[in-house]
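Shown next, in structure tokens, is the structure this report addresses.
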Amino acid sequence: MRDTPWLRKSEPLVISAGAIAVALALFGLFCAIAGANPFGVYGSIYTAAFGSSSRIQGTLILASPLMLSALCTALPARLGLVIIGNEGALVVGGVGAVAMGLSLGTSLPPLLVQTLMAIAGMVAGGVWIGIVGALRHYRAVNETISSLLMNYIAIALLNHLVGGPMRDPSSLNKPSTFPLAAANMLGNLPGTRIHYGLIFGLVACGVAYVLIQRTTFGFAARTAGGNVRAARIAGLPVGRLAVTICFLAGACAGLAGMVEVAAVHGVANESLNAGYGYGGILVAFVARHNPLAAALIAVLVGGIVGSGGILQRTHSLPDATVLIFQGIMFLTILYSDSLYGKLAFFREQPVDIPPDPTPAAVETTV
């Protein structure tokens, strides 16, 4: 058999690119049926995402929470777990960060308050998804279903708190918590309107990559994800790995919630449930659960998310058209998973191998 390692390594990239191309074609067909020029729609999406410096900055702002929430799916996937509770972890992380910020007020230096808010958001999100990991290991509860249900519980908890115990009486039309002190808000990068949440997202993706690919913890997680029975025979603590990696995953999404309240909204309200968690699931799958690739894909998806308005104004398409695009892309990516290892082009090809010399020939030669 001819060894072609470059083909095997290129298989994920080629299949993912092909899935995205199919998604673009299907979305173009949808736009044509809706009466819009598909190529004009593609051009408008590009213009809305990257057409100017201001729009690029807007895309990066949207990409920040997507990077962090994508890790909530990408990290457990290395252990063989399918977690889709990103939205719930983001919501409870935002609520936890606001609670910490309001309780401290201006009694401490702003940087310390922001750090404690980040820790509170990460702990809240980590515990939220850690529960899913514990249910999976100790009670054999399907993690996909339980994490999905945890989303609804988190949203209900958010509505209860901002409409009751934590509500600011002055927030009439849109119930919200009391606003954070201006000094405790995250600022913007110098000379831009991009907040520091982008730095949080990039650093988190880099740390997650090192954790999974360059540490013994990551090696143990990947081993358990490849074969749980073999991992147990080797003495690896599979249960502890599951709970720990789920906690870390939820902490990333919880940090995204902290960024949203401390850099964008200044309060906790229903705007926290903006779909960034669900968008993070798409980012993780398109990136093949690679944290570094998730940072790049988050920028692309952020650009798509931010193009809804221009599609509505220019092509008379509903603002939710971008959600249809995301849904089509997600389905094609899921289907493409079934193609791995089945395409003949990426398999090792047989070649003619000369026969070994016979013992008689060897003796004659000697």
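Here are the numbers for this structure:
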| quantity | calculated |
| --- | --- |
| Among (1) surrounded by fewer than 24 Cβ atoms within 10 Å (Cβ to Cβ); (2) touching a Ser or Thr at 6+ places or on another chain (Cβ under 6 Å); (3) closer than 22 Å to MET166 by Cβ - the single one VAL82 does not satisfy | (3) |
| Hits in the stretch 107-133 (condition: surrounded by fewer than 16 Cβ atoms within 10 Å (Cβ to Cβ) and of a type in the set (Gly, Ala, Ser)) | SER107 |
| Long-range neighbours under 8 Å by Cβ, at least six apart or interchain, first residue closer than 21 Å to THR106 by Cβ within the stretch 166-189, second assigned to a loop (DSSP other than H, G, I, E, B) and among the acidic types (Asp, Glu) | SER176/ASP168; THR177/ASP168; PHE178/ASP168; PRO179/ASP168 |
| Residues (surrounded by fewer than 17 Cβ atoms within 10 Å (Cβ to Cβ) and under 30 Å from SER54 (Cα atoms)) located in the stretch 203-232 | VAL203, GLY206, VAL207 |
| Number of the exception - GLU260 against (1) within 18 Å of GLY93 (Cβ to Cβ); (2) free of Cβ contacts under 8 Å to residues at least 24 places away in the same chain | (2) |
| Selected residue [in contact (Cβ under 8 Å) with a residue 12 or more places away in the chain, assigned to a helix (DSSP H, G or I) and not small (Gly, Ala, Ser)] from LEU79, LEU112, LEU135, LEU75 | LEU75 |
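Quick note: the coordinates plus some simple rules give every number you see, no bench work behind them. The structure presented is a predicted model; accordingly, all values stated were derived computationally and were not measured. Methodologically, a virtual Cβ is constructed for each residue, glycine included, from the backbone with ideal geometry; neighbour enumeration extends over all protein chains shown.
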